[in-house]
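Engineer: Next up is a structure, given as structure tokens.
The values are calculated or read from the model by the stated rules, or taken from the named source; none is laboratory data. Every value quoted in this text rests on a predicted model; they were computed, and no experiment measured them. Reconstructed Cβ throughout: ideal geometry from the backbone, glycine too, with neighbour counts over all protein chains shown. The accessibility values were calculated without ligands, DNA or RNA, using every heavy atom of the protein model including side chains. Shrake-Rupley method; radii C 1.70, N 1.55, O 1.52, S 1.80 Å.
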Amino acid sequence: MTRARVLERPGAPLADAELHLPEPTGDQVRVRLLASGVCHSDLHAADGEWTVPLPLVLGHEGAGVVEAVGPQVRDVRPGDRVVLSWYAPCRRCAQCAAGRAWLCTGTHALEHPAVAGVHAYLGLGTFAEAALVPESAAIPIDPAVPAAVAALIGCAVATGVGAVTNTADVRPGESAIVVGCGGVGQAIVLGLALAGAHPIVAVDLSPERREQALALGATEALEAPEGQYDHAFEAIGRAETIEQLPGLIARGGQAVLVGMPAEGVTVRLDPFDLADQGKRLLGCNYGSTVPSVDFPRLARLYLAGRLPLDRLVGRRRGLDGADAGLQDLRDAVGLRTVLEIADA
Ligand SMILES: NC(=O)c1ccc[n+]([C@@H]2O[C@H](COP(=O)([O-])OP(=O)(O)OC[C@H]3O[C@@H](n4cnc5c(N)ncnc54)[C@H](O)[C@@H]3O)[C@@H](O)[C@H]2O)c1
Ligand SMILES: [Zn+2]
Ligand SMILES: [Zn+2]
């Protein structure tokens with residue numbers, strides 16, 4: 001039996017459930033979870049800002065150990081340390097064939113497939129002792145990476161560092177501003193430091209978050225955005241801050257939309273300014289990441305001391321601390337809360 005924290009009703013505390021995960025069939029992999037981060041995309045679902053099927057095991061930023069594999073699985077075997085991808089690519093559609101796994105049209109992740117009658121968020125459901133996932137969602141990485149760091153590679157780091165290096169393709173010496181420095185925004189700051197951006201301006205309402213961003217490589221921290229930059233990143237998902245983006249980018253600059261708003265939110269933009277100044281707005285899903293390429297690459301940079309991902313880990317809680325982890329996000333306190341689910 002597998003213990004899991006389950007969303008039964010938006011706004012309600014998570015319920016404790018015991019699931020029976022079947023033996024993997026076909027290309028399925030059963031992963032014993034070691035750690036899961038708590039991401040604002042879990043909170044969007046928990047608070048009813050996004051429609052999800054219920055009941056639902058929350059959590060999509062996880063790492064663990066392969067426990068069992070189905071007969072068609074080729075790339076992982078029991079005992080492998082893996083980071084889970086929340087957008088398991090089909091590896092067959094035109095986007096996958098073109099190397100754009102983050103745009104896969106054949107993924108089942110957005111259906112939140114059910115296992116044992118309970119849906120798993122984005123096909124993962126990492127607020128649990130184990131998960132049954134497709135092979136393409138389980139990416140082997142070096143077991144020398146601590147589980148908490150490996151978990152964050154699965155969402156905040158892939159998204160934040162990928163937004164910089166893949167989506168925006170930031171060059172050394174280009175200027176950048178990051179609006180919103182939670183788990184994803186702090187990973188953007190680390191990515192900008194890695195890419196050699198300068199200056200790196202971090203914006204957050206929270207003084208604690210501004211201090212953390214300065215410690216991670218921001219050169220300046222502000223309570224409200226100002227100035228014009230080559231690159232602007234929005235990592236909150238609020239209409240007010242998204243509407244500020246065109247004004248924050250210089251002629252020919254670009255803004256990357258990383259934050260995801262509640263369903264139905266619309267924004268007002270000045271199209272004349274965008275056209276006249278040749279400014280670009282880029283949507284960013286999952287840091288334009290190909291998990292099987294990018295997760296091991298991020299792990300190598302961490303192990304080489306080039307990307308201090310351990311400094312993104314905030315409060316550590318057990319699986320029972322999932323509700324408290326969601327509250328940490330509402331309160332915008334600490335760095336990324338990680339649920340430590342089991343020892344390797
Ligand atoms: N594009 C993707 O693929 C992708 C992946 C992961 C997360 N996300 C989204 O990114 C967003 C951020 O996720 P997170 O986990 O980092 O969230 P978080 O809650 O950890 O961070 C949000 C930060 O924004 C700050 N903030 C809120 N309102 C502000 C304002 N008006 N001005 C300045 N700062 C403000 C908060 O203080 C907090 O530090 C969420 O919408 C999440 O769903 C997108
Ligand atoms: Zn996430
Ligand atoms: Zn595909």
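Engineer: Hey, could you grab the Kirkwood Rh for segment 161-285? Inverse mean 1/r over distinct alpha carbon pairs, Å, one decimal. Write down the numbers at each step before the final one.
Structural biologist: Numbers: mean 1/r = 0.0713 Å⁻¹.
Here the Kirkwood hydrodynamic radius works out to 14.0 Å.
Engineer: Then there is this: Packing-wise, with mean Cβ within 10 Å as the measure, how do 145-152, 335-342, 319-326, 239-246 rank, highest first?
Structural biologist: On the way: 145-152: 26.2, 335-342: 23.4, 319-326: 20.8, 239-246: 17.8.
By packing density, highest mean first, the sequence is 145-152, 335-342, 319-326, 239-246.
Engineer: Follow-up question, since we're still on this one. Hey, any idea what the orientation-averaged projected area of the convex hull of segment 116-224's Cα atoms comes to, in nm²?
Structural biologist: On the way: hull surface 34.7 nm².
Mean projected area for segment 116-224: 8.7 nm², to one decimal.
Engineer: When only C-alpha pairs under 8 Å and at least 6 residues apart count, what is the relative contact order of the chain, in percent?
Structural biologist: Numbers: 888 pairs, mean separation 65.7, N = 344.
So the answer I get is 19 percent.
Engineer: How far, in degrees from 0 to 90, does helix 322-331 lean away from the longest principal axis of the Cα atoms of the chain, to the nearest 10?
Structural biologist: Taking Cα atoms only, the helix is inclined about 10 degrees.
Engineer: Using a probe radius of 1.4 Å on heavy atoms only, what accessible surface per residue do you get for the chain? Whole Å² is fine.
Structural biologist: Numbers: 13960 Å² over 344 residues.
On a per-residue basis, the chain sits at 41 Å².
Engineer: Next up: I'd like the FRET efficiency for Ala262 and Thr25, computed as 1/(1 + (r/R0)^6) with the beta carbon distance as r and R0 of 35 Å, rounded to 0.05. It would help to have the intermediate numbers written out before the result.
Structural biologist: Working: r = 37 Å, r/R0 = 1.04.
For R0 = 35 Å, the calculated efficiency reads 0.45.
Engineer: Once every Cα of segment 109-159 carries one equal point scatterer and solvent is ignored, give the base-10 log of I(q)/I(0) from the Debye formula at q = 0.25, 0.30 Å⁻¹, two decimals.
Structural biologist: Ignoring solvent entirely, the Cα scatterers give -1.10, -1.29.
Engineer: Oh, and also: How far is it, in nm, from the label point at Asp16 to the one at Gln277 when both lie 7 Å from their Cα along the line to the Cβ?
Structural biologist: About 5.4 nm, to one decimal.
Engineer: I'd like to know which of Ile141, Leu19, Leu54 lies farthest towards the positive end of the charge dipole of segment 1-146, counting +1 on Cβ of Lys and Arg and -1 on Cβ of Asp and Glu.
Structural biologist: Looking along the dipole axis, the top candidate is Ile141.
Engineer: Let me ask something else about it. Rounded, prolate or oblate: pick one for segment 283-336, where a ≥ b ≥ c are the square roots of the eigenvalues of its C-alpha gyration tensor, a/c under 1.5 means rounded, and failing that, prolate if a/b is larger than b/c, else oblate.
Structural biologist: Numbers: a/c = 2.34, a/b = 1.66, b/c = 1.41.
Since a/c reaches 1.5 and a/b is larger than b/c, the shape of segment 283-336 is classed as prolate.
Engineer: Further question on the same structure: Compute the acute angle (0 to 90°) between the alpha-carbon long axis of helix 183-195 and the principal axis of greatest extent of the alpha-carbon atoms of the chain; round to the nearest 10°.
Structural biologist: Relative to the chain, helix 183-195 is tipped by roughly 60 degrees.
Engineer: Let me ask something additional. Using only the alpha carbons of the chain, determine the length spanned along each of the three principal axes and report them from longest to shortest in whole angstroms.
Structural biologist: Over the chain, Cα extents along the principal axes are 57, 40, 36 Å.
Engineer: Can you tell which of Thr337, Thr126, Phe295 lies farthest toward the positive end of the dipole of the chain, using +1 and -1 charges on the Cβ of basic and acidic side chains (Lys, Arg; Asp, Glu)?
Structural biologist: Phe295
Engineer: Can you give the charge dipole size of the chain about its Cα centre, rounded to the nearest 20 debye, using +1 on the beta carbon of Lys and Arg and -1 on the beta carbon of Asp and Glu? Intermediate results must be reported in sequence, preceding the final value.
Structural biologist: On the way: 28 positive and 40 negative charges, 174 e Å.
Around 840 debye, computed over the chain.
Engineer: Whenever you get a sec, compute what percent of the accessible area on the chain sits on carbon and sulfur atoms (1.4 Å probe). Let's see the in-between values first.
Structural biologist: Working: 7000 of 13960 Å².
Ligands and nucleic acids excluded, carbon and sulfur reach 50 percent.
Engineer: Okay, next question. Quick one: check the C-alpha center-to-center distance for segment 166-210 versus segment 41-75, whole angstrom.
Structural biologist: Rounded to whole Å, the Cα centres lie 28 Å apart.
Engineer: Less than 15 Å Cβ to Cβ from Ala63, Lys/Arg counted +1 and Asp/Glu -1: what total charge do the surrounding residues give?
Structural biologist: Numbers: positive: Arg30, Arg32, Arg81, Arg316, Arg336; negative: Glu61, Glu67, Asp80, Glu129, Asp142, Asp294, Asp310, Glu340, Asp343.
Here the charged neighbours net out to -4.
Engineer: OK, next. Per DSSP H run of n ≥ 4, the term is -39500 (n - 2.57); total these for the chain, divide by its residue number, and report the mean residue ellipticity at 222 nm rounded to 500 deg cm²/dmol.
Structural biologist: -6500 deg cm²/dmol
Engineer: Based on the Cβ-Cβ distance of Asp310 and Asp75, what FRET efficiency does E = 1/(1 + (r/R0)^6) give at R0 = 30 Å, to the nearest 0.05?
Structural biologist: On the way: r = 27 Å, r/R0 = 0.90.
Working from the Cβ atoms, E equals 0.65.
Engineer: Could you state the angle between the C-alpha long axis of helix 291-303 and the longest principal axis of the C-alpha atoms of the chain, as a value from 0 to 90 degrees rounded to the nearest 10?
Structural biologist: That works out to roughly 70 degrees.
Engineer: Something else about it: Taking the Cα-to-Cβ direction at Glu243 and at Leu214 and moving 7 Å from each Cα, how far apart do the two end points lie in nm?
Structural biologist: In this crude spin-label approximation the distance works out to 3.1 nm.
Engineer: Then there is this: What number, in percent, do you get for the relative contact order of segment 161-285 if the mean sequence gap of Cα pairs under 8 Å and at least 6 apart is divided by its residue count?
Structural biologist: Working: 281 pairs, mean separation 28.6, N = 125.
Taking the mean separation of contacting Cα pairs over the length of segment 161-285, I get 23 percent.
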